[in-house]
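The values are calculated or read from the model by the stated rules, or taken from the named source; none is laboratory data. Just so it is clear, the model here is predicted, and its values are computed rather than measured. With ideal geometry, Cβ positions are generated from the backbone for all residues, glycine too; neighbour counts draw on all protein chains shown.
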């Protein structure tokens, strides 16, 4: 197949390019002029320099392509004005889908996030019940500008599917692994731990998945996914609390896990103060209010549908974390 990948220099986008090439597909990748290409510098693919908001360039570049993987997006931790984020994530998705339809592509795989899946609320036999793609969710469940922008982008993609566009949505969970150059928000959390900058543990948790499985999941969605549907790309045994994750990281890094527990309300207060100070200084806050809220809830989800319908691979969460740690250490992200 001839494939087009937006966000080709990113953590997930770069891994999609890598997996497509491994399977013998021809790949074009959209990169920006200021993109850090270290994660894909060893790959032989056609680089299209441009921006997700340049619809004319997108339409031209997409001609002759069979599959499109829309992995581009803005997920910056902190912005004084988040219009840029909504423009890239929501409006950018609309432009990409319109350009792909005009070019006559056969399948569009839209990269969303598990953050747009409804958070768990029910407790069964003393345990929090995981949610899935069918659990009702509203915009009010979205925490912070990033998740709201991705929620809107996903709605745009699924609306286009109802109108005839060949769109399939995938929702990766907390993704770890090598070549997280930027790094991603989850990667930065891990780097913070490796640099001993996590002083306390919040009561939240997430589903852990290997970046390689996420990339393969995108390709499987193009091959087998049902148009208009969405698939959680995660691990069936990957729902871990932050405390469990930090304890495992401590075991194979030798770095002590933080012993102090921080109440969610106090974490939010500290984050809010940090944001106010950042508005008058040059440094971003250590933690944003959205991050404090996200890390305070246990966003446990079930990837059973993707495993059953797509054949999503299941690399152990321990492997994802270990390979991420090794890569960050080998590439200068950890202070001596």
Checklist entry - residue 311 passes all but one of (1) on the phi > 0 side of the Ramachandran plot; (2) out of contact with any helix residue (DSSP H, G or I) (no Cβ under 9 Å at 6 or more places or on another chain); which number fails? => result (2)
Checklist entry - Would you pick out the residues in region 75-118 that are surrounded by fewer than 20 Cβ atoms within 10 Å (Cβ to Cβ), within 20 Å of the chain's Cα centre (by Cα) and part of a loop (DSSP other than H, G, I, E, B)? => result 75, 76, 77, 78, 79, 82, 118
Checklist entry - So is residue 306 modelled with pLDDT of 95 or more, part of a helix (DSSP H, G or I), closer than 22 Å to residue 170 by Cβ and touching a helix residue (DSSP H, G or I) at 6+ places or on another chain (Cβ under 9 Å) or not? => result yes
Checklist outcome for this item: Matching residues in region 126-163 (closer than 18 Å to residue 74 by Cβ and in a loop (DSSP other than H, G, I, E, B)) number 2
Next on the checklist: I need the full set of residues from region 268-285 which are touching a helix residue (DSSP H, G or I) at 6+ places or on another chain (Cβ under 7 Å) and touching a residue at least 40 places away in the same chain (Cβ under 8 Å), in order please.
Outcome noted: 275, 284, 285
Checklist entry - So which of 242, 295, 202, 233 is within 30 Å of residue 164 (Cα to Cα) and buried (at least 20 other Cβ atoms within 10 Å of the Cβ)? => result 233
Next on the checklist: If the requirement is being at positive phi and touching a helix residue (DSSP H, G or I) at 6+ places or on another chain (Cβ under 6 Å), which of these qualifies: 7, 64, 39, 29?
Outcome noted: 7
Checklist entry - Can you name the number of the only condition in (1) closer than 17 Å to residue 26 by Cα; (2) crowded, with 21+ Cβ neighbours inside 10 Å; (3) in contact (Cβ under 8 Å) with a residue 60 or more places away in the chain that residue 64 fails? => result (2)
